[in-house]
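The values are calculated or read from the model by the stated rules, or taken from the named source; none is laboratory data. Owing to the predicted nature of the structure, the values given are computational and were not obtained by experimental measurement. Cβ placement follows ideal geometry from the backbone for every residue including glycine, while neighbour counts extend to all protein chains displayed.
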Amino acid sequence: MKTILHVGKFYPPVPGGMEHVVESLCHVNGGDVVNRALVFNAGPRTVAEVVEGIEVTRIGTIGAAGSVPIAPGFPAALRRARADAIVLHEPNPWALLSFTLARPRAPLAIWFHSEVVRPRLQYALFYHPVARAAYREARRIVVSSPALAEHAAALTPHRDRITVIPFGLDASRWVETPDRRARAAAIRARIGDRPLLLFAGRMVPYKGVDVLLRAIAETDVTAVLVGHGPSRDRWQALARELNLDDRVTFAGEVAHESLASLYHACDMFVLPSITRAEAFGYVQLEAMACGKPVISTRLQSGVPWVNRDGETGITVPPRDAGALRDAIATLAADSGLRARMGAAGRARVAAEFSMTRMRHAVSAFYRDLLPESGHG
């Protein structure tokens, strides 16, 4: 059986969008290929372990440059790794550099998660030259939506090698069980009669939560904001400044059951991201699977491709608190519209974003990528 080595940043239980995708890919085709993961460890030790049947090697780091882990042992680990093909998950500067230094024999594919938006000087001097070389060498480049393939400037020279594989979601993990229904009812009882808005995501600048808070200040809704990150303290201070303490709850990280209950309790889900760093918006699928309408932004990425304006929800210009306020008010005032959009979202997830559909797409991708005779 052929072996696929996924080279990522981190791996669950470390949270994150790329981490979730790598984990999903390691399981979605377990019967067709052997999946392994080579990632970074948050500490200095290198740890090899088996996580739910997947061999995961976490290479020790000595620090970070911004958000980039520094792991001197990564090139050697990549050189030693036995694999028939390597899928390198981008953006991932140290992994790209390690690949350039290690020169492994296995064919390379790049899974392009998002663009590097507004690069700093070190990205311009270091990241882009290394990335260009690796992208030229990659046999295939995978993106999660046609919109990302169209708008990502880094992919323009490589359009003939792009494969679109939308993310899949296991809708069974989000069904409204009796326990979740009871939890949702308890949440609704606590907040009273106001419509409930939900946000879930990392508290980082590109998520646009400051825009959301300004929009909420001019509407009569209650909001629960799930997630943690470096911008949380600043956004909590803004909520206090806007006198939103009684209507906005910063819930931090929550367990899956609690998040599922919040999805079922809310009237709408809002993803107010402001840059193309939000390449897909996977949380939109979670909300849609729970039958909730979505408000998201009209970015040049996969976000508005997932959430169809006027069908599964409403899209608004990024950074536009007034337009976001109006969209919130529209859904808050019309329960019938919320129900129709929620039903359309659930149907779209079942038709276009099922794990079965993703599994078939990934299997076809591997057949195209893998050589007739392996190296592993």
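Being surrounded by 15 or more Cβ atoms within 10 Å (Cβ to Cβ) and closer than 15 Å to Leu212 by Cα holds for only one residue in Val316, Val303, and it is Val316.
Could you pull out the residue among Ala189, Ala215 that is more than 25 Å from the chain's Cα centre (by Cα) and part of a helix (DSSP H, G or I)? Just a single option satisfies the conditions, and that option is Ala189.
Of the strands (runs of 3 or more DSSP E) lying entirely inside region 8-104, the ones with 3 or more residues being surrounded by fewer than 19 Cβ atoms within 10 Å (Cβ to Cβ) are found at 47-51, 63-65.
Selection of region 292-317 for residues being among the small types (Gly, Ala, Ser) and under 19 Å from Phe167 (Cβ atoms) yields Ser296, Ser301, Gly302, Gly313. What's the number of the only condition in (1) farther than 21 Å from Val294 by Cβ; (2) surrounded by 15 or more Cβ atoms within 10 Å (Cβ to Cβ) that Ala189 fails to meet? Single failed check for Ala189: (2). Criterion applied to Asp309, Asp233, Asp267, Asp245 was being modelled with pLDDT under 95 and over 18 Å from the mean Cα position of the chain (by Cα), and the one residue passing it is Asp245. Here Val254 clears all of (1) among the β-branched types (Val, Ile, Thr); (2) assigned to a helix (DSSP H, G or I); (3) surrounded by fewer than 19 Cβ atoms within 10 Å (Cβ to Cβ) except the condition numbered (2).
Among the residues making up region 332-361, a single one is β-branched (Val, Ile, Thr) and either at pLDDT below 95 or in contact with a Phe, Trp or Tyr (Cβ under 8 Å, 6 or more places away or on another chain) (or both): Thr356. Looking across Phe10, Phe74, one residue alone is over 29 Å from Gly281 (Cβ atoms) and in contact (Cβ under 8 Å) with a residue 12 or more places away in the chain. It is Phe74.
For region 58-69, indicate whether the set of residues that are at pLDDT below 95, over 30 Å from Met355 (Cα atoms) and touching a Phe, Trp or Tyr at 6+ places or on another chain (Cβ under 6 Å) is non-empty. Checked against the condition, which is being at pLDDT below 95, over 30 Å from Met355 (Cα atoms) and touching a Phe, Trp or Tyr at 6+ places or on another chain (Cβ under 6 Å), region 58-69 yields at least one hit.
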